[in-house]
Amino acid sequence: MRRNVLRTALLAAALSTTVVGIGAGQAPAAAADTGVPNGDVIANLWAWNWRSVAAECTNVLDPAGYGAVWVAPPAESLKRPDGVWWDVYQPYSYKLTGRFGTQAEFAAMVTTCHNAGIKVYTDAVINHTAAQTGVGYDGTTLSDKYDPVMYDRVDYNVDVCPRSISNWGNLWEVQNCELLELPDLKTSSSSVRSKIAGYLNAQLALGVDGFRVDAAKHIPSGDLAAIVNQLNNTTAGVRPFVFHEVFPGQPPAPSDYYNSGRVLDFTYAEKMKGAFQGDIASLSSFGTSWGILPAANSVSFVTNHDTEREGRHLSYKDGPAAKLANVFQLAWKHTTPTVYAGFEFSFNDQAPPNSNGYVTDTNCASGWHCLNRDPAIVGMVGWHNAVGAANVANWQSPASNVIGFGRGTTGFVAINNSGAAHTFQYTTGLPDGTYCDVITTCASSVTVSGGRATITVPAKSATAFHTGSTTAPAVTGDYTVQAHTTWGQNVYIVGSVPALGSWNTANAVPMTTDASTYPRWRGSSALPANTRIEYKFIIREPGKPVIWETGANRVATTPASGSTTIDGGWFRR
């Protein structure tokens, strides 16, 4: 939360389709992991309610290959009658029922995401409690800002500095006075540290995997390290993943916090905006010499819920430039990237779509911009996972605002930030062959010959391919499976190749049945020849999580020509 947080921020990004989430009061259904490798990319779904996050983990994040989801603070907070986005940064209690759903829905979301192979990181508001009195989202009343249910007046620095920060260049003031009149917790107190750790450990016990620490720069680094040291291991038996909000340019330095976690890199986002509103050819040397933080100590972003409204970073309102900056972030070798998906706003304090303050289910077709679902971004998440740790290679910039580069001999990307289509013969470093363009969900392809490829990239767009996205001659796949369904449910087949949606359930192949053949479902599509395919049958119903088959992925190898029959027998629930 920046110093002007109570007057700024929450964003969106690009594209998508239908309502995410399930009916009110319903717990998300458990879903099996698709088997798609989950990498390190974090989807920042900060403004989404718990039902919608659960459905997104199952239906989008896992099939796309995301590794984690970053969500809003789960604590009960101030409930503003006029509806603002930032009321969740004013904790009223450490109860886990609040603006985004009940504790039961929160716990169910964590379980559902874990079942899909997605880790969950929550926003941790631990520097302060609420400045404004009133009633919280779970009915807790606050009549004196120094007397919430969690703390007593002695637990605050009010006796040390009973005023807001006035000198932002003074480290003592930044860490002992009040941020925008928010009561500053006395984190030097062992009792306060224990209460904060208890709140976070309660989330770890429910399966949470880590935390983004809000306003970390306002907590002395030694105090924060002492709190982090009191955290339990996750339910997976590892230390929680912690990353801090430490805005640069004023004390303290981001490096002061490396002893207790990583740091969100605001400079990275600033440099992305400068390059994509200027000439991206300058990015050939992008790295720590630009002032960005070391890869091992940082988490990168193009924009987030806390910066989009002040114009410092790119947002969905910047159109294709913001999407292309995210393409670059996923393609460039540096640190753990985040992709932000939020809601539309017309004024700074605007709240997310809600009913009486409680955030309603995310509808990517109305009021929200779900960049995490954009086909180009989904394709680049898979590309990012495919190239792994390979180094940047074969940098080329054939024209202003046009670049191309590879990652070792595994993947290549060309980005055109100019206003006209551009054609160039790139040195790719990839083996000869025909590859599908993951930016277009394989609607187009690229042929590499002698290590080179002539690529036409449309204006404000990109082309990307990797050795796992080779194309092959097509054969016909005929699919059958027997599945008992209820009204509104339909059966699909989804799998590891683009023809079966590349594990993206939104692109799965539909199957049909009728009164004479039910419960036998049939479908068909083109498949690559001579290819080993992993697949599963799924059941989809509008507005509800996908039901995946249980057990290991099914496997088939297609012939060199003709057709292949895939009979799934019975749907394995």
Show me the three semi-axes of the equivalent ellipsoid for the range 286-412, from the C-alpha gyration tensor (sqrt of 5 times each eigenvalue), largest first, rounded to whole Å. 31, 16, 14
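Subtract the Cα-Cα distance of residue 153 and residue 421 from 0.36 nm times their separation in residues, and report this length gain in nm to one decimal.
Working: separation 268, 0.36 × 268 = 96.48 nm, distance 6.31 nm.
Extra length available between residue 153 and residue 421 comes to 90.2 nm.
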In square nanometres, what is one fourth of the surface area of the convex hull spanned by the alpha carbons of the range 422-472? 3.3 nm²
On C-alpha positions alone, give me the angle between the axis of helix 375-387 and the longest principal axis of the chain, in degrees, nearest 10. 90 degrees
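Just subtract the alpha-carbon distance of residue 164 and residue 205 from 0.36 nm times their residue separation and send over the number in nm, one decimal.
Numbers: separation 41, 0.36 × 41 = 14.76 nm, distance 3.52 nm.
Extra length from residue 164 to residue 205 when fully extended: 11.2 nm.
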Return the sequence-ordered ³J(HN,Hα) values of the range 485-490 in whole Hz as given by the Karplus equation 6.51 cos²θ - 1.76 cosθ + 1.60 applied to θ = phi - 60°, using x for Gly and Pro. 10, 10, 4, x, 8, 9
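Filter 95/271; 186/323; 119/536; 95/119; 333/544 down to the pairs with a C-alpha to C-alpha distance above 32 Å, please.
Details: 95/271 39 Å; 186/323 41 Å; 119/536 23 Å; 95/119 22 Å; 333/544 36 Å.
Checking Cα-Cα distances, 95/271; 186/323; 333/544 exceed 32 Å.
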The helix 103-115 Cα axis meets the longest alpha-carbon principal axis of the chain at an angle in degrees, between 0 and 90 and rounded to 10, of 40 degrees
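How big is the Rg/Rh ratio for the range 214-371, C-alpha atoms only, Rh by Kirkwood, two decimals? Walk me through the numbers on the way to the answer.
Working: Rg = 17.3 Å, Rh = 17.4 Å.
Result: Rg/Rh = 0.99.
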Charge tally for neighbours of residue 119 with beta carbon under 14 Å away, counting Lys, Arg as +1 and Asp, Glu as -1, is -3
5 Å is the cut-off here: which amide hydrogens, built 1.01 Å from N in the peptide plane, fall below it relative to residue 395, excluding neighbours closer than 5 in sequence? 406
In whole angstrom, note down how far apart the Cα centers of the range 347-410 and the range 137-184 are. 37 Å
Which three semi-axes in whole Å describe the equivalent ellipsoid of the range 390-485, each the square root of 5 times a Cα gyration tensor eigenvalue, listed largest first? 30, 16, 12
Taking amide H positions as placed 1.01 Å from N in the peptide plane, with prolines and chain starts having none, which residues 5 or more places from residue 354, or on another chain, fall under 5 Å of its amide H? 360
Whole-Hz Karplus couplings 3J(HN,Hα) for the range 72-85, θ = phi - 60° and coefficients 6.51, -1.76, 1.60, Gly and Pro as x, run 5, x, x, 5, 5, 9, 3, 10, 7, x, 8, x, 10, 6
In the neighbourhood of residue 298 defined by beta carbon distances under 10 Å, the net charge of the other residues (Lys, Arg +1; Asp, Glu -1) is 0
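Round to the nearest 0.05 the FRET efficiency obtained for residue 556 and residue 484 when R0 = 22 Å and r is the Cβ-Cβ distance. Intermediate values should be presented prior to the final figure.
Values: r = 24 Å, r/R0 = 1.07.
E between residue 556 and residue 484, to the nearest 0.05, is 0.40.
Contact order normalised by length for the range 428-573, with contacts defined as Cα pairs under 8 Å and 6 or more residues apart; what percent is it? Present the calculation step by step, with values, prior to reporting the outcome.
Working: 313 pairs, mean separation 34.5, N = 146.
Reported relative contact order: 24 percent.
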Strictly greater than 23 Å: what percent of every Cα pair in the range 474-570 meets that? 20 percent
Going by alpha carbons, how many degrees (0 to 90, nearest 10) lie between the helix axis of 320-331 and the longest principal axis of the chain? 80 degrees
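Below 8 Å between Cα atoms, with a sequence gap of 6+, how large is the relative contact order for the chain in percent? Don't skip to the answer; put the middle values down first.
Working: 1423 pairs, mean separation 92.8, N = 573.
16 percent.
What per residue convex hull volume, in Å³, do the alpha-carbon atoms of the chain yield? Before the final figure, lay out each step's value.
Details: hull volume 79.6 nm³, N = 573.
Hull volume normalised by residue count: 139 Å³.
The numbers here are math on the coordinates, done by the rules we state, and not lab data. Note that the structure is a prediction, hence the values are computed from the model and not measured. Positions of Cβ are backbone-derived with ideal geometry, glycine not excepted, and every protein chain shown enters the neighbour counts.
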